[in-house]
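Only the coordinates and a few stated rules stand behind these numbers; no lab work does. Everything numeric here is computed off the predicted structure, so don't read it as measured data. FYI the Cβ positions are ideal-geometry reconstructions off the backbone, even for glycines, and counts take in every protein chain you see.
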Amino acid sequence: MKSKATRRIATKIKDLPEVALNSPLNIEKGLPFPFVYYPNHYGTFISFSALENSERFFCSCAESSVRNCLELKGHINEQGMIKSSWGFHHDFCNYYCGQTTDAVNFDQIFSFKAGLCHQCNNQTPRMRWCHEMYGSNFRQYYGWYIGQTRYGLGFKGKNFLEGKCPPEISGKLIPYAEINALELMDDDVEYIIYQKTMKELDVMVENLARKTFGFRAIGDGWVNETALHGMVCKLFSGREIIRHFRPSFLENLELDIFCPELNLALEYQGQQHFIPIKAWGGQKALDRLKQRDSLKRELCLKHGIYLVEISYQDPLTVDFLKDKLSTFL
């Protein structure tokens, strides 16, 4: 069965938000600074302001990504001055520099403030990064943050920053660092290997971005649910642990993790169980989910199953689980 993790983002073409093509300004009330300045189409970095035309800030979580992007793209000259604004809002240089031809020091241009972005506030962008023809539902809505994740790791394509890019990534890129695209394409076998390497890295980056928003990894279950399952298996080594247990008495509901020997079930409850999320169907979806959660509790109680609920706000650590499950250990 195909994953349905992100299908609920939009169900009808007419309901799809606009694609952010020409650096639009959008007002998004769920954010601390609601004036949101999207970058050029397929850009990477979103900035925010408290009021229209007031000082713009980037979220602090993006600072290393911004620095790496400018270095990778050759936007910084030998004097450490910024000379281009690709990937940002179209009037970036005008707004910060006064003239598009000026080159200005990084610290004079960029202001950062913690907790501003969609990622830090568990919010879905109100615009889309790309058209539905050109990306998965997750990429459509969070493409900026996929790019930000990539730059945070210090690489783009086959180019990487020594000392900043993790060795497990740079090691895969070193063989291609000094080879241009035409040379690669001349060698069919080498080009196939190169494409496979790039695909693997693309999936790795997107999965990291998905994890920050609580989405399931490509080809896997919920990221945090998967982590929880691994911890439970370690704590109850030697006992049978079942994922996605669906007994008949649960009336088509399922338990994320179940230990038959202990009649113990664990449920990981992401933010969609507590607050309305537009990407998941808003308030109506939240109401339906709460009804299913309530029914699941009642049925587990009726059939003698001890149900432990783990919130996305709980620290997902072994020590926390040991304390939470101390009765069974």
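Could you give the length gained on full extension between E18 and D319, defined as 0.36 nm per residue of separation minus the Cα-Cα distance, in nm? Write out the running numbers ahead of the final one.
Working: separation 301, 0.36 × 301 = 108.36 nm, distance 4.44 nm.
This chain segment gains 103.9 nm when fully extended.
Go ahead and collect, in residue order, the members of the stretch 236-250 whose backbone nitrogen is under 17 Å from a label point 7 Å along the Cα-Cβ direction of E261. Correct set: 236-243. Legend: residue pairs K211/K290; K73/K164; K172/K196; K73/K158, Cα-Cα distance threshold 19 Å; pairs beyond threshold, K211/K290. Residues whose amide H falls under 5 Å from that of V19, counting only those 5 or more places apart or on a different chain, are R128, with hydrogens built in the peptide plane.
Whole-Hz ³J(HN,Hα) for each residue in the stretch 35-49, computed from phi via Karplus 6.51 cos²θ - 1.76 cosθ + 1.60 with θ = phi - 60°, x for glycine and proline: what do you get? Running phi through 6.51 cos²θ - 1.76 cosθ + 1.60 with θ = phi - 60° gives 8, 10, 9, 6, x, 4, 3, 6, x, 10, 10, 9, 10, 9, 9 Hz. Considering only alpha-carbon pairs that sit under 8 angstrom and 6 or more positions apart, the relative contact order computed for the stretch 261-326 is 46 percent.
Apply the a/c threshold of 1.5 to the C-alpha gyration tensor of the stretch 223-328 and tell me whether it is rounded, prolate or oblate.
On the way: a/c = 2.10, a/b = 1.32, b/c = 1.59.
Oblate shape, in that a/c is at least 1.5 and b/c is the bigger or equal ratio.
Stretched out straight at 0.36 nm per residue, the stretch from K302 to H131 would grow longer than its current Cα-Cα span by 56.8 nm.
Note on S237/F328: beta-carbon distance plugged into 1/(1 + (r/R0)^6) with R0 of 22 Å gives a FRET efficiency of 0.95.
Here the stretch 287-329 is scanned for amide nitrogen atoms under 18 Å from the site 7 Å beyond the Cα of A227 along Cα-to-Cβ, giving 309-325. For the stretch 273-325, the square roots a ≥ b ≥ c of the C-alpha gyration tensor eigenvalues yield an a/c of 1.5 or more together with a/b not exceeding b/c, which makes the shape oblate.
Quick one: order K284, K322, K158 by neighbouring beta-carbon count within 10 Å, fewest to most. Walk me through the intermediate numbers first.
On the way: K284 9, K322 12, K158 20.
In order of increasing Cβ crowding within 10 Å: K284, K322, K158.
Model label points for A114 and E254, set 7 angstrom from Cα along the Cα-to-Cβ axis, are 3.8 nm apart. Here's the picture: charge each Lys and Arg Cβ at +1 and each Asp and Glu Cβ at -1 in the stretch 143-273, and of A217, L184, L264 the one pushed furthest to the positive end of that dipole is L264. For E63, project a label point 7 Å along Cα to C-beta. Then give me every residue of the stretch 105-136 with its amide nitrogen under 14 Å of that point. Answer for this model: 106-116. Close amide H pairs (under 5 Å, H built 1.01 Å from N) link V308 with A265, L266, E267, residues at least 5 positions away or on another chain.
Rounded to the nearest Hz, the phi-derived 3J(HN,Hα) couplings of the stretch 146-160 under the Karplus curve 6.51 cos²θ - 1.76 cosθ + 1.60 (θ = phi - 60°) are 5, x, 4, 4, 4, 5, x, 7, x, 8, 8, x, 8, 8, 9, where x marks glycine and proline.
Considering Cα pairs under 8 angstrom that are at least six residues apart, work out the relative contact order of the stretch 196-291 and quote it in whole percent. Numbers along the way, then the final one.
Working: 86 pairs, mean separation 13.1, N = 96.
Rounded, it is 14 percent for the stretch 196-291.
Backbone geometry of the stretch 177-183 corresponds, through the Karplus equation with coefficients 6.51, -1.76 and 1.60 at θ = phi - 60°, to 3J(HN,Hα) couplings of 4, 9, 9, 7, 4, 5, 5 Hz, x marking Gly and Pro.
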